[in-house]
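Q: Structure in structure tokens, see below.
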Amino acid sequence: IGTTSPGTMLAIGANGSVSTTEKTLTDGTTITIDWRQGNQQYVILGGNRTIVLSNQAPGMTLRLILCQDATGSRTITWPNNTTLVWPGALAPTLTTAPNKCDVITLLATGAPGSTKVFGSSVVNF
């Protein structure tokens with residue numbers, strides 16, 4: 001809206017509701033998340049993975065849904081603390097139970113001076 005090259009697809013429903021498309025990520029050793037592809041993205045983990053965040057901008061509210069496959073016990077390596085910051089400087093302990101999911105909420109901000117992403121989690125769905 002108001003630009004010739006929007007960052008992500010936008011849908012406006014008949015009742016005025018606004019949503020973006022949920023993006024299904026491709027599982028792999030490194031999972032790169034391009035937030036221009038949607039503010040909600042999910043992946044089913046098939047092994048221990050490293051997450052890379054890209055194209056987040058101050059003001060974005062982002063959701064990442066991480067699901068265990070039928071085997072479970074998959075772990076995540078997160079970006080360093082200069083990009084992604086967790087409460088108390090501790091990344092969340094994610095569920096490792098088979099076929100369970102965790103919801104990671106990320107808030108991108110320009111404070112204090114450069115883009116940072118503040119993360120929180122709700123686990124074991």
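Q: So V117 clears everything in (1) surrounded by 12 or more Cβ atoms within 10 Å (Cβ to Cβ); (2) under 22 Å from E22 (Cα atoms); (3) without any contact (Cβ under 8 Å) to a residue 60 or more places away in the chain except one condition, right? Which one?
A: (3)
Q: Just for the stretch 57-72: of the residues that are open to solvent by 40 Å² or more (accessible area, probe 1.4 Å), at pLDDT 95 or above and over 13 Å from the mean Cα position of the chain (by Cα), which one is farthest from K23 (Cα to Cα)?
A: So, considering only residues that are open to solvent by 40 Å² or more (accessible area, probe 1.4 Å), at pLDDT 95 or above and over 13 Å from the mean Cα position of the chain (by Cα), the one farthest from K23 (Cα to Cα) is T71.
Q: Suppose we filter the stretch 15-35 for residues that are more than 21 Å from K100 (Cβ to Cβ), modelled with pLDDT of 90 or more and outside any strand (DSSP E or B); how many remain?
A: Looking only at that region, the number is 2.
Q: When both residues are 6+ apart or on different chains and their Cβ atoms are under 6 Å apart, which pairs have a first residue that lies in the stretch 64-76 and is farther than 13 Å from F125 by Cβ, and a second that is assigned to a strand (DSSP E or B) and open to solvent by 30 Å² or more (accessible area, probe 1.4 Å)?
A: D69/I44; I76/R49
Q: Given the options A111, A97, A70, A89, name the one that is on the phi > 0 side of the Ramachandran plot and out of contact with any helix residue (DSSP H, G or I) (no Cβ under 7 Å at 6 or more places or on another chain).
A: The conditions single out A89.
Q: Might you let me know whether the stretch 73-86 holds any residue that is assigned to a strand (DSSP E or B) and either at pLDDT 95 or above or open to solvent by 50 Å² or more (accessible area, probe 1.4 Å) (or both)?
A: Yes - at least one qualifying residue is present in the stretch 73-86.
Q: Could you tell me which residue of the stretch 37-56 is farthest from T26 (Cα to Cα), considering only residues that are exposed (fewer than 13 other Cβ atoms within 10 Å of the Cβ) and among the small types (G, A, S)?
A: By that ranking, first place goes to S54.
Q: Output yes when any residue across the stretch 5-12 is in contact with a Gly (Cβ under 8 Å, 6 or more places away or on another chain), more than 21 Å from F118 (Cβ to Cβ) and modelled with pLDDT under 95, and no when none is.
A: Yes, the conditions are met somewhere in the stretch 5-12.
Q: Hey, could you check the stretch 87-98 for residues that are open to solvent by less than 80 Å² (accessible area, probe 1.4 Å) and part of a loop (DSSP other than H, G, I, E, B) and say which is farthest from N124 (Cα to Cα)?
A: This residue is A91.
The values are calculated or read from the model by the stated rules, or taken from the named source; none is laboratory data. Quick caveat, the model's predicted, so the values are computed rather than measured. Virtual Cβ from ideal backbone geometry, glycine too; neighbours counted across all protein chains shown. Heads up: the accessible areas ignore ligands, DNA and RNA and are worked out on the full protein's heavy atoms, side chains in. Shrake-Rupley method; radii C 1.70, N 1.55, O 1.52, S 1.80 Å.
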